[in-house]
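Some notes on the structure that comes next.
Only the coordinates and a few stated rules stand behind these numbers; no lab work does. These figures come from a predicted structure and were not determined experimentally. Here the Cβ positions follow ideal geometry from the backbone for every residue, glycine too, while neighbour counts run over all protein chains shown.
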Amino acid sequence: MTRAVASAPSAWFTDPEFLARERVAVFAPHWHYIGSAEDVAEPGSFMAADLGGLPIVVTRDTDGRLRALANVCRHRGHLVAEGCGKRKTLQCRYHGWTYRLDGSLHRAPGAEVDPDEGRLPELVVAAIGSLLFACVDRDVAPLTEVLAPFLALVGDVSGMGAERLVRRRSVLHQIDANWKVVAENFMECYHCPLVHGDTLPGYGGDDYLVTTYDTLVTHRLDRDRFSWANLFPNTQISVFGDHRALAARQIVPDGVRRTRATIDYWFDRDVTDDGITTFIDWFEAIIAEDLPLCANVQIGNESGLLDHGLLHPAEESGPLWFERLIAEALGEVVV
């Protein structure tokens, strides 16, 4: 019998001030999955994204260079881009300050502005195949280095190549729970035999291998040619070799008690429409079993009847790894 250990205080999941600190210390320094590079494949294209409450815009300028920029007008802080599309410039809809796709200030009506002060700060962007990632911190480690254990695992378990993947559908889930509750749910399979007995038969057994790295957790099940990664803090990628499918999820806080989780479904370019529909229906059925659990965990954390929870150190090594990194980033101590 394994002795349980203390998890994070419930206040981590209910305190708005804690979330504000996370934006700076947890979300800003790390890579985030943000979508498909095909959305910004052509010169003059752009796409807005959200890195845990940090707004950015990715552009492809007229020279064909891909950039990530702060999506915050230098004038008063209004967003300069929403959605995605093609434009020669990005214009703030508040007072009309306009920026070139390289981030330089093009026009500030009636005002003289120092070019350096008027430029949108440039961030970091990179792609694995067409899967696009971004980071606020320009000193972040290279994406391929951070994801290396998972990329090796994908090749070993499924034999899939990122260069053949095409995004075929996106699904947004609005979840009544703190983003960390949602993230932790998809970091362990301790709950799988009870909750997913029909949708994921056999998951959570001895042949289900979880390995923790610096800012990465990988999951492996050779029987199903399955591999899964949790990239700290809020990116989750799963690969199913038998279906030639990849699901990439971005988890974004929408306030302290609500989360937006967007799943992009990617498939090998030769997968049929029937195969795509079958996989997505199955994967969404799994998620439908998880979402009420997350909402109920949030209710428990807000009840005032739980100072902190307890975690199984072996079965829930993923959540323990996650909470340790949160604590280190914020200078917190887990009981």
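Brief remarks follow.
- For region 203-212, 3J(HN,Hα) per residue [Karplus equation, 6.51 cos²θ - 1.76 cosθ + 1.60, θ = phi - 60°, Hz, x = Gly/Pro]: 6, x, x, 5, 8, 8, 9, 10, 10, 9
- Cα pair distances exceeding 22 angstrom across region 123-233, given as percent: 45 percent
- Evaluated at q = 0.14, 0.20, 0.29 Å⁻¹: base-10 log I(q)/I(0), Debye formula over Cα of region 25-78: -0.40, -0.76, -1.14
- Geometric descriptor of region 32-126, per residue, is 89 Å³ (volume of the convex hull of the Cα atoms).
- Which of E315, E122, E112 has the fewest Cβ neighbours within 10 Å, and the rest in rising order: E112, E122, E315
- Options (i) 1.07; (ii) 0.99; (iii) 1.02 - which one matches Rg/Rh (Cα atoms, Kirkwood Rh) as calculated here: (ii)
- Using θ = phi - 60° in the Karplus curve 6.51 cos²θ - 1.76 cosθ + 1.60, the 3J(HN,Hα) couplings for region 175-192 round to 10, 7, 6, 4, 4, 6, 4, 5, 4, 5, 4, 9, 10, 8, 10, 4, 8, 4 Hz; x is entered for Gly and Pro.
- Listed as lacking a disulfide-compatible partner in the chain: C84, C135, C294, by the criterion of no other cysteine Cβ under 4.7 Å.
- Spatial extent of region 212-278: Rg and Dmax, with the Cα atoms as the point set, Å: 14.0, 41
- Cα centre as origin, Lys/Arg/Asp/Glu Cβ charges: region 32-126 dipole, Debye: 260 debye
- With neighbours defined as other Cβ atoms within 10 Å of a residue's Cβ, the residues D114, D264 order from fewest to most as D114, D264.
- Interchain or long-range residues, amide H under 5 Å from H308's placed H: S10
- Other residues lying with their Cβ under 14 Å from the Cβ of D102 contribute a combined charge of +3, Lys and Arg counting +1, Asp and Glu -1.
- The slack between E42 and A20, meaning 0.36 nm per residue of separation minus the straight C-alpha distance, is 4.4 nm.
- Computed 3J(HN,Hα) for region 88-102, one whole-Hz value per residue from the Karplus formula 6.51 cos²θ - 1.76 cosθ + 1.60 where θ = phi - 60°, is 7, 9, 10, 10, 5, 7, 7, 10, x, 4, 10, 10, 6, 6, 8, glycine and proline marked x.
- Value of relative contact order over region 32-126, rounded to a whole percent, pairs C-alpha under 8 Å and six or more apart: 23 percent
- Residue order, fewest to most beta carbons within 10 Å, for R100, R138: R138, R100
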